[in-house]
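Following: one structure in structure tokens, then a few remarks.
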Amino acid sequence: MNAQKLLITIFGTMAVAAFFVACSRHESHTIPSGPELSFQDITNIVFGETVREDHERKHYEFAVSDAEEIRHIVSFMHLEAGGNDLCMYPYSITFQKSSGQPITMIFGSCSLHLIANGHVVFDYDMPDGFYGTFRGLAQKGFGAHWHPEQAP
């Protein structure tokens, strides 16, 4: 009986190890780097907010397409690894480019999460000045639908 338990333990451990190796090689877990995080050639920025209203989940968006405003927003995107697990992430931002893949993130008042293939792949501290600028834009862009998050 002990030999049988030992074999089950060995095969179970091997199966779990194989699972983790397979997951680590799946492309949705690769952290984008280099040109994928380049904030050059941004032509449009789309902000989103997901809220519950009348027992329904609703999503609102507004876009920034003015070149000067885009440059101003992008000027804050000096990202440092970090993040805060206690932060809520009701907002999204998508940097659309003239060529290449857009950069999509979710964020709250304290940090940003980079999204790739529908998964969070990297966490960043909130860049200085970005959230305050977003709040000013959101008051205009979301209008009456905006539900400001209270900073901790």
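The values are calculated or read from the model by the stated rules, or taken from the named source; none is laboratory data. If you're wondering where the values come from, they're calculated on a predicted model, not measured in any experiment. Here the Cβ positions follow ideal geometry from the backbone for every residue, glycine too, while neighbour counts run over all protein chains shown.
Overview of values
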read-out: Near pairs, Cβ below 9 angstrom, 6+ apart or cross-chain, from the stretch 119-145 (in the same structural domain as residue 82 (by TED's automatic domain parsing)) to any residue that is in a helix (DSSP H, G or I) and charged (D, E, K, R); value: 137/69
read-out: Scan of the stretch 36-54 for residues that are closer than 18 Å to residue 69 by Cα and of a type in the set (D, E, K, R), ordered by number; value: 41
read-out: Which numbered condition residue 65 misses (of (1) among the hydroxyl-bearing types (Ser, Thr, Tyr); (2) in contact with a strand residue (DSSP E or B) (Cβ under 8 Å, 6 or more places away or on another chain); (3) modelled with pLDDT under 90); value: (3)
read-out: Options 45, 31; residue that is under 30 Å from residue 135 (Cα atoms), among the aliphatic types (A, V, I, L, M) and at pLDDT 95 or above; value: 45
read-out: Check on residue 150, farther than 18 Å from residue 50 by Cα, modelled with pLDDT under 90 and not in a strand (DSSP E or B); value: no
read-out: Options 77, 126, 105: the member that is touching a helix residue (DSSP H, G or I) at 6+ places or on another chain (Cβ under 8 Å) and modelled with pLDDT of 85 or more; value: 77
read-out: Subset of the stretch 87-107 [in contact (Cβ under 8 Å) with a residue 40 or more places away in the chain and either outside the structural domain of residue 73 (by TED's automatic domain parsing) or more than 10 Å from the chain's Cα centre (by Cα) (or both)]; value: 87, 88, 90, 95, 96, 97, 98, 99, 100, 101
read-out: Strands (runs of 3 or more DSSP E) contained in the stretch 34-129 and holding at least 1 residues closer than 21 Å to residue 141 by Cβ; value: 42-53, 56-64, 91-97, 103-107, 111-116
